[in-house]
Amino acid sequence: MSFIENLKPELQNKWKFSYEMPVQTQLIPYMLDGKDVVAQSPTGSGKTLAYVLPILNQVDGLLQKTQAIIVAPSQELSMQIVEVLREWTEGTDITVAQLIGGANMARQLEKLKKKPTIVVGTPGRLHELMKAKKLKLHDLRHIVLDEGDQLLAREHRNVAKAIIEGANHDRQIVVVSATITEEIELVASRLMKDPIRIQVTHEELPAQGKVVHSFVKVEERDKTDLLRRLAHMDGLRGLAFVNNLDQLLMKESKLKFRDAKIVALHSDMKKEERKQALASFRKGEVSILIATDIAARGLDIEGLTHVIHVDVPHMIEPYLHRSGRTGRAGADGEVLSLLTYTDEKNYKKWTKELPSKPVQKVWDQGTLIEGSSKTLLQRGKKK
């Protein structure tokens, strides 16, 4: 029997998808049963809806109480979750409030006074509101930590703990993420009641496209110019990652100066600026969105042809996390790394586990071709 049959009629009527995703098939029945769950499933595999539907099925919009809280590590991910919630709560009594840093605090306090049914927020802002005793947790029945590997890491762990400890004794805790380490699992098990463990792999997902991993050898100083050139490649629609904010800001100002078809997304931007950047990328006005891991965390962008590692990450988890953004819904994709000499060792380590060996590419006459600088030399000789 499908989980859809166990949902309220108004939710069943809104279900318009042709198939259920594995994480939904597994997580929803456990959540409807009131169980605590740790769920690991790749980026873009339907995790948000997997926890949103059971929450909507169980909260009561007529009760003037905050009954569920969803915590996300970034403003963008919270905004995306809120969009999903608004779409599914349209025409119901269920209210949703977004509590994120960078937004007007007074307006958020007004929303809280009205006791929204569901709160979606980032750790920093939630912590502030809890300290000021403005966010009441005692009626909470459902707590979701989205991208739980970040929220249960040392930096945010205390906030997650405070929310759990302040909630109703009968609360349900659900942790979801694309990557869950042993440490996170241990922390989660201490905060949860006999959590059920769900793990969905890439292989279980329906109709995935072919994803090629490739790299271009480049000097650090030439990365920005290569990005600019890539932005002019026909049909390229890429999400590009840098490791830190300083690098991103530097590249952003150089690219703006050179009028490149690229927008940036980072934590120093105002909420409205972020919204505009995402909109211009989604509409296809620019072809590359360059971001840090935190800014892009959980972002769902359809039709990406490329994920570009401008900087190779220092750990394998972010490499896999970033790379999981392309090759979705049966479309092919490419994961391109801009490789400096110092990155090579890490890159070899990260890509050893891949089903196929990464392909070396080189820039030639306005596009990327397979090969190295030797390939270009040989071509030159033939001419």
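The values are calculated or read from the model by the stated rules, or taken from the named source; none is laboratory data. Only a predicted model underlies this, so the values are computations on that prediction, with no experimental measurement involved. All Cβ positions, even for glycine, are placed from backbone atoms using ideal geometry, and neighbour counts span all protein chains on display.
Based on this model, can you work out whether VAL286 counts as part of a strand (DSSP E or B) and at pLDDT 85 or above?
Details: part of a strand (DSSP E or B): no; at pLDDT 85 or above: yes.
No: the conditions fail for VAL286.
Taking GLN98 and the conditions (1) touching a residue at least 24 places away in the same chain (Cβ under 8 Å); (2) in contact with a helix residue (DSSP H, G or I) (Cβ under 7 Å, 6 or more places away or on another chain), which numbered condition does it fall short on, given that it satisfies the others?
Tallying (1) touching a residue at least 24 places away in the same chain (Cβ under 8 Å); (2) in contact with a helix residue (DSSP H, G or I) (Cβ under 7 Å, 6 or more places away or on another chain), GLN98 fails exactly one: (1).
Can we say ILE184 is more than 20 Å from the chain's Cα centre (by Cα) and either at pLDDT 90 or above or not small (Gly, Ala, Ser) (or both)? Walk me through how you get there before you give the answer.
Details: more than 20 Å from the chain's Cα centre (by Cα): no; either at pLDDT 90 or above or not small (Gly, Ala, Ser) (or both): yes.
No; evaluated as a whole, the condition is false for this residue.
Just name the residue that is nearest to ASP332 (Cα to Cα) out of those in region 186-207 that are aliphatic (A, V, I, L, M) and surrounded by 12 or more Cβ atoms within 10 Å (Cβ to Cβ).
Pass one, region 186-207, residues aliphatic (A, V, I, L, M): 186-188, 191-192, 196, 198, 200, 205, 207.
If we keep only those that are surrounded by 12 or more Cβ atoms within 10 Å (Cβ to Cβ) too, we end up with 187-188, 191-192, 196, 198, 200, 205.
Details: VAL187: 37, ALA188: 35, LEU191: 40, MET192: 39, ILE196: 33, ILE198: 27, VAL200: 21, LEU205: 14 Å.
Filtering first and then ranking leaves LEU205.
Test of understanding: among GLU219, GLU155, GLU204, which residue is at pLDDT below 90 and farther than 17 Å from VAL23 by Cβ? Break it down stepwise before answering.
Working: GLU219 fails: at pLDDT below 90; GLU204 fails: farther than 17 Å from VAL23 by Cβ.
Just one listed residue meets the conditions, GLU155.
It is to be established whether one or more residues within region 43-66 are in contact with a His (Cβ under 8 Å, 6 or more places away or on another chain), farther than 24 Å from SER323 by Cβ and not in a helix (DSSP H, G or I).
Yes, there is a match, as at least one residue in region 43-66 is in contact with a His (Cβ under 8 Å, 6 or more places away or on another chain), farther than 24 Å from SER323 by Cβ and not in a helix (DSSP H, G or I).
Given the options LYS348, LYS361, LYS374, name the one that is assigned to a helix (DSSP H, G or I), modelled with pLDDT of 80 or more and either of a type in the set (D, E, K, R) or not assigned by TED's automatic domain parsing to the domain that holds LEU227 (or both). Talk me through it step by step, then tell me what you get.
Numbers: LYS361 fails: assigned to a helix (DSSP H, G or I); LYS374 fails: modelled with pLDDT of 80 or more.
Residue meeting the stated conditions: LYS348.
State all residues of region 148-181 that are within 20 Å of LEU27 (Cα to Cα) and out of contact with any helix residue (DSSP H, G or I) (no Cβ under 9 Å at 6 or more places or on another chain); if no residue qualifies, say none.
Result: ASP170, single match.
Mind listing whichever residues of region 44-85 are surrounded by 23 or more Cβ atoms within 10 Å (Cβ to Cβ) and among the charged types (D, E, K, R)?
Passing the criteria: LYS47, GLU76.
Please determine, by comparing only the residues of region 23-42 that are on the phi < 0 side of the Ramachandran plot and in a loop (DSSP other than H, G, I, E, B), which one is surrounded by the fewest Cβ atoms within 10 Å (Cβ to Cβ). Give the steps one after another, and end with the answer.
Just the residues of region 23-42 that are on the phi < 0 side of the Ramachandran plot, to begin with: 23-33, 35-42.
Still in the list and also in a loop (DSSP other than H, G, I, E, B): 33, 35-36, 41-42.
Numbers: ASP33: 12, LYS35: 17, ASP36: 20, SER41: 26, PRO42: 24.
Only one residue tops the list, namely ASP33.
Taking region 85-117 on its own, how many of its residues are aliphatic (A, V, I, L, M) and touching a strand residue (DSSP E or B) at 6+ places or on another chain (Cβ under 8 Å)?
Initial filter on region 85-117 (aliphatic (A, V, I, L, M)): 85, 94, 96-97, 99-100, 103, 105-106, 109, 112.
Okay, now just the ones that are also touching a strand residue (DSSP E or B) at 6+ places or on another chain (Cβ under 8 Å), so 85, 94, 96-97, 99-100, 112.
Matching residues across region 85-117 total 7.
Exactly one condition in (1) in contact (Cβ under 8 Å) with a residue 60 or more places away in the chain; (2) surrounded by fewer than 20 Cβ atoms within 10 Å (Cβ to Cβ) is not met by LYS16; state its number.
(1)
Checking ARG125 against (1) under 23 Å from LYS35 (Cα atoms); (2) over 16 Å from the mean Cα position of the chain (by Cα): exactly one of these is not met. Which one?
Going through the list (1) under 23 Å from LYS35 (Cα atoms); (2) over 16 Å from the mean Cα position of the chain (by Cα), ARG125 breaks only (1).
In region 132-143, which residues are loosely packed, with under 15 Cβ neighbours inside 10 Å and either not in a loop (DSSP other than H, G, I, E, B) or not basic (Lys, Arg) (or both)?
Residues of region 132-143 that are loosely packed, with under 15 Cβ neighbours inside 10 Å, as a first pass: 132-134, 136, 138.
Residues satisfying the conditions are ALA132, HIS138.
Which of the numbered conditions does PRO318 fail, given that it passes all the others? Conditions: (1) modelled with pLDDT under 80; (2) over 18 Å from the mean Cα position of the chain (by Cα).
All conditions pass for PRO318, except number (2).
Of all residues in region 144-158, which are aliphatic (A, V, I, L, M) and surrounded by 22 or more Cβ atoms within 10 Å (Cβ to Cβ)?
Filtering region 144-158 for residues aliphatic (A, V, I, L, M) gives 144-145, 151-153.
Answer for region 144-158, where residues must be aliphatic (A, V, I, L, M) and surrounded by 22 or more Cβ atoms within 10 Å (Cβ to Cβ): VAL144, LEU145, LEU151, LEU152.
For the subset of region 255-274 comprising residues that are exposed (fewer than 14 other Cβ atoms within 10 Å of the Cβ) and not in a loop (DSSP other than H, G, I, E, B), which member is modelled with the lowest pLDDT?
Here the residue is PHE257.
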